[in-house]
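Every number here is computed from the coordinates shown, using simple stated rules; none is lab data. Everything numeric in this text was worked out from a predicted model, so none of it was measured. Every residue, glycine as well, gets a Cβ built from its backbone with ideal geometry; the counts of neighbours run over all protein chains shown.
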Amino acid sequence: DQQVKQNSPSLSVQEGRISILNCDYTNSMFDYFLWYKKYPAEGPTFLISISSIKDKNEDGRFTVFLNKSAKHLSLHIVPSQPGDSAVYFCAAGGYQKVTFGTGTKLQVIP
Amino acid sequence: GAGVSQSPSNKVTEKGKDVELRCDPISGHTALYWYRQRLGQGLEFLIYFQGNSAPDKSGLPSDRFSAERTGESVSTLTIQRTQQEDSAVYLCASSLNRGDYGYTFGSGTRLTVV
């Protein structure tokens, strides 16, 4: 069963606009949530995280929002830049390991 | 080392042969993880090590898969009698301690079974 779901396999956004990537999870025992970014032929790199006791965490152009009651988190990138084009994985930490979603491919159009 | 190193970067093997994939984690990182990514799919957890022991092997798909870690450093993932469905990118990651979820990943080994 897929405990972390990213229902949009791809997203296209104009440069300068906001990118919103969404993620849903099913296991209420997850206590930490992360976003990873992956370029082709490279491993995923950690981008930003949020503890389950918070509802928002911001780092520069990247903000992650967590809605625990809805078991939903999102990543906002503003303004989007062409270099942000990559696959973004939502992930949830618990039981001493990280469970990943299937990824959303973001394309930022210049 | 400065990052997580995996070798080989690419491996093509014939069905039925055994393969060994290697991971060198960041020095001092006690936790090490193996994931795989099949084409068009997400990252699938295989196994994790805390030091030299493997508390969670729940993701290993079958008894053809095994992994070991020696000296709290290098880990090898061995796949015996490879099948075409084993074709995937195998990713290794490490973190300072278990429960530290900000993993550092290697670039992966792309395994193709023909």
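Would you check if A:SER69 is more than 18 Å from B:ALA93 (Cβ to Cβ) and in contact (Cβ under 8 Å) with a residue 12 or more places away in the chain? Against the criterion (more than 18 Å from B:ALA93 (Cβ to Cβ) and in contact (Cβ under 8 Å) with a residue 12 or more places away in the chain), A:SER69 does not qualify. Scanning region A:66-98 for residues that are at negative phi, of a type in the set (Lys, Arg) and surrounded by fewer than 20 Cβ atoms within 10 Å (Cβ to Cβ) yields a single hit, A:LYS68. Any residue that is surrounded by 20 or more Cβ atoms within 10 Å (Cβ to Cβ), in a strand (DSSP E or B) and either among the polar types (S, T, N, Q) or facing chain A (nearest Cβ under 9 Å) (or both) - is there at least one of those in region B:58-78? Yes, some residue in region B:58-78 is surrounded by 20 or more Cβ atoms within 10 Å (Cβ to Cβ), in a strand (DSSP E or B) and either among the polar types (S, T, N, Q) or facing chain A (nearest Cβ under 9 Å) (or both). So which residues in region A:1-58 are surrounded by 12 or more Cβ atoms within 10 Å (Cβ to Cβ), in a loop (DSSP other than H, G, I, E, B), at the interface with chain B (Cβ under 9 Å from one of its Cβ atoms) and in contact (Cβ under 8 Å) with a residue 60 or more places away in the chain? Those that are surrounded by 12 or more Cβ atoms within 10 Å (Cβ to Cβ), in a loop (DSSP other than H, G, I, E, B), at the interface with chain B (Cβ under 9 Å from one of its Cβ atoms) and in contact (Cβ under 8 Å) with a residue 60 or more places away in the chain: A:GLN2, A:GLN6. Within region A:72-89, being more than 17 Å from B:LEU91 (Cβ to Cβ) and not in a helix (DSSP H, G or I) holds for A:HIS72, A:LEU73, A:SER74, A:LEU75, A:HIS76, A:ILE77, A:VAL78, A:PRO79, A:SER80, A:GLN81, A:SER85. Yes or no: region A:90-99 includes at least one residue that is within 13 Å of chain B (Cβ to nearest Cβ), outside any loop (DSSP other than H, G, I, E, B), closer than 17 Å to A:PRO9 by Cβ and touching a Leu at 6+ places or on another chain (Cβ under 8 Å). Yes, region A:90-99 contains a residue that is within 13 Å of chain B (Cβ to nearest Cβ), outside any loop (DSSP other than H, G, I, E, B), closer than 17 Å to A:PRO9 by Cβ and touching a Leu at 6+ places or on another chain (Cβ under 8 Å).
Residue count for region B:18-43 satisfying the condition of being surrounded by fewer than 18 Cβ atoms within 10 Å (Cβ to Cβ) and either touching a strand residue (DSSP E or B) at 6+ places or on another chain (Cβ under 7 Å) or not aliphatic (A, V, I, L, M) (or both): 9. Every condition in (1) in contact (Cβ under 8 Å) with a residue 12 or more places away in the chain; (2) within 14 Å of chain A (Cβ to nearest Cβ); (3) more than 10 Å from the chain's Cα centre (by Cα) holds for B:ALA93 except the one numbered (3).
Please verify whether B:ALA88 is closer than 26 Å to A:ILE48 by Cα and of a type in the set (Gly, Ala, Ser), treating the condition exactly as stated. Criteria not met by B:ALA88. In the set (1) more than 14 Å from chain A (Cβ to nearest Cβ); (2) part of a loop (DSSP other than H, G, I, E, B), the condition left unmet by B:THR112 is number (2). When restricted to residues that are over 15 Å from B:ARG98 (Cα atoms) and touching a residue at least 24 places away in the same chain (Cβ under 8 Å), region B:45-58 contains 1.
When you scan region B:91-103, do you find a residue that is among the hydroxyl-bearing types (Ser, Thr, Tyr), outside any strand (DSSP E or B) and in contact with a Phe, Trp or Tyr (Cβ under 7 Å, 6 or more places away or on another chain), even just one?
Checked against the condition, which is being among the hydroxyl-bearing types (Ser, Thr, Tyr), outside any strand (DSSP E or B) and in contact with a Phe, Trp or Tyr (Cβ under 7 Å, 6 or more places away or on another chain), region B:91-103 yields at least one hit.
Restricting attention to region B:3-40, the residues being within 11 Å of another protein chain (Cβ to nearest Cβ), part of a loop (DSSP other than H, G, I, E, B) and over 15 Å from B:GLY108 (Cα atoms) number 1.
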